[in-house]
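*Asks:* Got a structure for you, written out below as structure tokens; questions coming shortly.
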Amino acid sequence: MPVLLFLIDTSASMNQRTHLGTTYLDVAKGAVETFMKLRGRDPASRGDRYMLVNYEDVPFGIKAGWKESHATFMTELRNLQATGLTTIGQSLRTAFDLLNLNRLVTGIDNYGQLHHDQNIMPQKR
């Protein structure tokens, strides 16, 4: 079950406009929406879980966790607004903490590993 985390810059600088007149934040939102539409066409994406995190402080920056529905994710994505300061360091830390928490909860790091109490040597008869 892959978890894809999108960390979106929602600092005030994302209100800048491109030469087409759209804000940088709108471009970022559009890129995420396009990715999700294209990924949704792939049968391998059935087990995908998505997370949405922005630059706000924890816990407010966690807009959609891996257990949220696709509809909740999309609503939160569309509702993002560019305000505040750039706190990329803390935001990246939050993103990696969330991914590591997911790895711990799902036990993904244990796949294919033997437990310490399992005997890997064949028994003599």
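*Asks:* Of all DSSP beta bridges located in segment 3-110, what percent are antiparallel, nearest 5?
*Replies:* On the way: 3 of 9 bridges.
Of all bridge pairs located within segment 3-110, approximately 35 percent are antiparallel.
*Asks:* Hey, another quick one. Per 10 Å bin, what percent of the C-alpha pairs of segment 3-110 does each bin hold, from zero upward?
*Replies:* Going out from 0 Å in 10 Å bins, segment 3-110 shows 14, 44, 33, 9, 1 percent.
*Asks:* I would also like to ask the following. Name the residue farthest towards the positive end of the dipole of segment 1-113 from the options Gly40, Asn100, Asn54, assuming +1 on Cβ of Lys and Arg, -1 on Cβ of Asp and Glu, about the Cα centre.
*Replies:* Gly40
*Asks:* How far apart, in nm, are two points set 7 Å out from the Cα along the Cα-to-Cβ line at Gln81 and at Thr106?
*Replies:* 3.3
Values in this text are rule-based calculations from the coordinates and carry no lab data. Here the structure is a predicted model, which is why all the values come from computation and not from measurement. Positions of Cβ are backbone-derived with ideal geometry, glycine not excepted, and every protein chain shown enters the neighbour counts.
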